[in-house]
Amino acid sequence: MLTLTAPPHVYRERRARLAAALSRPLVILAGYAPARNYATNPHPFRAGSTYLYFGGPPVEAAAWVIEPGSDGDLGCTLLRPPAGPDDALWFGELPQDAELAAAAGVQAAALSDIAGLEQLLGDRLAAVVCPPHPTCTALVRELDLEPAGEAELLPIIDLRLLKDEHELAALRRAAGVSVEAHRAMLAATAVGRNEADVEAAFHAVAVAHGCTPSFTPIVTVRGEVLHGHNRCLTLQDGALLLADAGVEEPGGYAGDITRTYPVNGRFTPLQRSLYEAVLGAQRAGCAACVPGKRFREIHELAARVLCAGLVNAGLLRGDAAQLAERGAHTLFFPHGLGHLLGLDAHDMEDFGDLAGYAPGRTRPTRFGDKYLRLDRDLEPGMVVTIEPGFYMVPAIWRRQDLVDPYADALNRSMVDGLLRDGFGGIRIEDDIHVTPTGPENLTAELPTDAETLAALVSP
Ligand code: GLY
Ligand code: MN
């Protein structure tokens, strides 16, 4: 039984809306499973997100061809490789054509052999969207396809930006399992265990729900390494553990949650004051996710609230708004506040800034802020993450060009003490659905307030 995320008519409507904006055929490749050491010993296959969004069943080496002006059915061809003679032997019975066509919302006659792709296109110039896989690249070159440009990508982005009820249901499923997996990690955390023990608890829940990680989990006592995958350190008494992980549900929609907590279940006063600074920024950021609000302004708001928290904690001196305006937060919070979430944890980042940045907007250039992945005005139906942090990154504090401009505002002895003690990092991340009436926190079931969260750590 093949279950896609949305009913067939929804996929037809999506394809029709895309086709209305096209002026040349668009090929959307599903992609291939990456090989490990030889072609028939692959990693699991995961179809490309744009292919899935338009109703592609998860069949390796398949492709959509969408003709300009198609009604979503006629003018849409789903090409797939014919079943091999031994496929049933190795993989069991695979879905039949009638089932594929029904799930995708096309007539059975719309199914065709991928070998006929060149003939279908004839001598027409076609655009292509494909996952980054060498076999896709070779096919694109062989067929002389042109990578989709703004004329194709902007209509795709416009559609994928706003999640419909089917996508929201899938995102809620992913959020729910991600919350459960984080609870299991909290319960598996104890002094003397190690990072891998905790991560294993995440995977057990994911697998039990038929899910996979939506990105490589970050479960570390070295939280200042933003994307650290070391996972071999022992959980020492007094350490903070940063766990950034989410699942992808079977349809491909992602969850993405970060929590940071003391491995012994008790924040020290210093950890607590810095945690509260991040939590204040995170709560302000979540609350500001309302229609019409520019995401960059939410990032700036979170930076101000973080600076206020760091003034309270005694690490910064001065007026919080002025400190944030000057960029003092970037020494401690050197990344953007969040990103789009959907069929990928970093939804549509395969399209570069075309998805994250509204037309005419470009990335900030200042250190730290330049990693802001999203600068759009929020609209109902968008789903974003809100994930500020506080990190003591030695590589930043070795850079005089970054640090010296803020010498007047820094409590240098406190900074040096945190670096000497290897403070690490704190990040708090939730998944926020923007609704007409305000933010819906999809991951609110996992507490963020310090006491409730720390109480979930195994005693
Ligand atoms: N949660 C991982 C990331 O957003 O990069
Ligand atoms: Mn994230």
Legend entry - Among the residues listed as Ala39, Ala33, the single one being closer than 17 Å to Ala61 by Cβ, of a type in the set (Gly, Ala, Ser), surrounded by fewer than 21 Cβ atoms within 10 Å (Cβ to Cβ) and more than 27 Å from the chain's Cα centre (by Cα): Ala39
Legend entry - The one condition in (1) crowded, with 18+ Cβ neighbours inside 10 Å; (2) of a type in the set (D, E, K, R); (3) away from ligand 2 (no atom under 16 Å from the Cβ) that Asp344 fails to fulfil: (3)
Legend entry - Residue satisfying condition, being charged (D, E, K, R) and within 15 Å of ligand 2 (Cβ to nearest atom), within set Asp197, Asp237, Asp244: Asp244
Legend entry - Unmet requirement for Pro359, which otherwise passes all of (1) within 20 Å of the chain's Cα centre (by Cα); (2) away from ligand 2 (no atom under 16 Å from the Cβ): (1)
Legend entry - Residues satisfying the stated conditions in the range 1-29, i.e. outside any helix (DSSP H, G or I) and surrounded by 15 or more Cβ atoms within 10 Å (Cβ to Cβ): Leu4, Thr5, Ala6, Ala21, Leu22, Arg24, Pro25, Leu26, Val27, Ile28, Leu29
Inset, instruction - Say whether the condition of being farther than 27 Å from Leu378 by Cα and without any contact (Cβ under 8 Å) to a residue 40 or more places away in the chain is met by at least one residue in the range 122-132. - result: yes
Inset, instruction - Restrict the check to the range 332-346 and report whether at least one residue is of a type outside the set (Asp, Glu), touching a residue at least 12 places away in the same chain (Cβ under 8 Å), away from ligand 1 (no atom under 16 Å from the Cβ) and assigned to a loop (DSSP other than H, G, I, E, B). - result: yes
Inset, instruction - Considering only the range 70-149, give the strands (runs of 3 or more DSSP E) lying wholly within it that have at least 1 residues that are at pLDDT 95 or above and among the small types (Gly, Ala, Ser). - result: 111-113, 127-129
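Out of Thr216, Thr189, report the one residue that is free of Cβ contacts under 8 Å to residues at least 24 places away in the same chain and of a type in the set (S, T, N, Q). Break it down stepwise before answering.
Values: Thr189 fails: free of Cβ contacts under 8 Å to residues at least 24 places away in the same chain.
Residue meeting the stated conditions: Thr216.
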Inset, instruction - Run down Arg376, Arg427, Arg366 and say which single residue is farther than 30 Å from Pro262 by Cβ and surrounded by 15 or more Cβ atoms within 10 Å (Cβ to Cβ). - result: Arg376
Inset, instruction - Could you please tell me which pairs satisfy a Cβ distance under 8 Å, a separation of 6+ or placement on different chains, a first residue in the range 415-427 that is in a strand (DSSP E or B), and a second residue that is among the basic types (Lys, Arg)? - result: Gly425/Arg222
Legend entry - Conditions (1) within 16 Å of ligand 2 (Cβ to nearest atom); (2) of a type outside the set (Asp, Glu); (3) without any contact (Cβ under 8 Å) to a residue 12 or more places away in the chain; number of the one not met by Gly285: (3)
Inset, instruction - Provide a single number: the residues in the range 98-119 that are small (Gly, Ala, Ser) and within 32 Å of the chain's Cα centre (by Cα). - result: 5
Inset, instruction - Specify which of the listed residues (Tyr38, Tyr51, Tyr32) is aromatic (Phe, Trp, Tyr), part of a loop (DSSP other than H, G, I, E, B) and within 24 Å of Leu145 (Cβ to Cβ). - result: Tyr32
Legend entry - Which listed residue is surrounded by fewer than 20 Cβ atoms within 10 Å (Cβ to Cβ), part of a helix (DSSP H, G or I) and more than 15 Å from ligand 1 (Cβ to nearest atom), from Leu354, Leu310, Leu323: Leu354
Legend entry - For Val457: the one exception among (1) part of a strand (DSSP E or B); (2) in contact with a helix residue (DSSP H, G or I) (Cβ under 6 Å, 6 or more places away or on another chain); (3) β-branched (Val, Ile, Thr): (1)
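The values are calculated or read from the model by the stated rules, or taken from the named source; none is laboratory data. Keep in mind that this is a model prediction, so the values were computed, not measured. Note: ideal-geometry Cβ built from the backbone for every residue, glycine included; neighbour counts use all protein chains shown.
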